[in-house]
Amino acid sequence: MLDRVAQQALKPLLARAATGLVRGGVSADALTFTGFGLGLAAATAIAFGHFLTGLALLLLSRLMDGLDGAVARATSPTDRGGFLDITLDFLFYAAIPLAFALADPAANALPAAVLLASFIGTGSSFLAFAIVAAQRGLTSTALPDKSFYFLGGLTEATETLAAFVAMCLWPSWFPQIAYGFAALCTLTTALRIVWGYRRFR
């Protein structure tokens, strides 16, 4: 829901940073892999109960995720880069709830499982729409810089990051945050199913 606003606000800063990275010979794929590595490091820190360290690594990971797209646009975006970016993003999003489950299985395992199940809904509806949209040659006017056309919703990357930040700042509240965000993800999935069903008549 907030992705478009966040991206428009950050786009000038990311573009300036990307110019320097391109001059330094840093590729978009290198940033994607770096961001993923930082995301896994964040998950590892969280699993061992180092929540603030995990938060710092998590935010660095998402910074790399923003920069890889900016560098790609400053050079030449590729299908390989788009595929790599979305695949590693999905793995990162799954790693954080799993890390909280490992940190305190008794309290967090069930809410983490519910949240991960809701991520299946948002992820599958996201990708299924993108596949059919590509087959029909549809393009996005709202987010034209993206590798493919997909539906938005209540829970996009910005909202997911906000939920992860809250979990790291208040880890004892993980179950409540996870259940609440899972409910929003379920609503997003339902809305996407309705929108997609109507769009592809």
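Solvent-accessible area of the stretch 36-111 (1.4 angstrom probe, protein heavy atoms only): carbon and sulfur portion equals 72 percent.
The stretch between Ser27 and Thr75, if pulled fully straight at 0.36 nm per residue, gains 16.4 nm over its current Cα-Cα span. Legend: calculated FRET efficiency, Thr44 to Gln176, from the Cβ-Cβ distance at R0 = 22 Å, rounded to 0.05, equals 0.35.
Remark: the chain carries 53 Å² of accessible area per residue (probe radius 1.4 Å; ligands, DNA and RNA excluded).
For the chain, the alpha-carbon coordinates run over 48, 47, 26 Å along the three principal axes, in decreasing order.
Multiplying the residue separation of Leu91 and Lys11 by 0.36 nm and removing their Cα-Cα distance gives an extension gain of 26.4 nm. Label point of Leu169 set 7 angstrom out along Cα-Cβ; within the stretch 95-111, amide nitrogens under 20 Å from it belong to 96-97, 100.
The values are calculated or read from the model by the stated rules, or taken from the named source; none is laboratory data. Bear in mind that the values here come from a model prediction, so they are computed numbers and not experimental data. As a convention, Cβ positions derive from the backbone with ideal geometry for all residues, glycine included, and neighbour counts pool all protein chains shown. Each accessible area value is taken on the protein alone, full model and side chains, heavy atoms only, with ligands, DNA and RNA left out. Shrake-Rupley method; radii C 1.70, N 1.55, O 1.52, S 1.80 Å.
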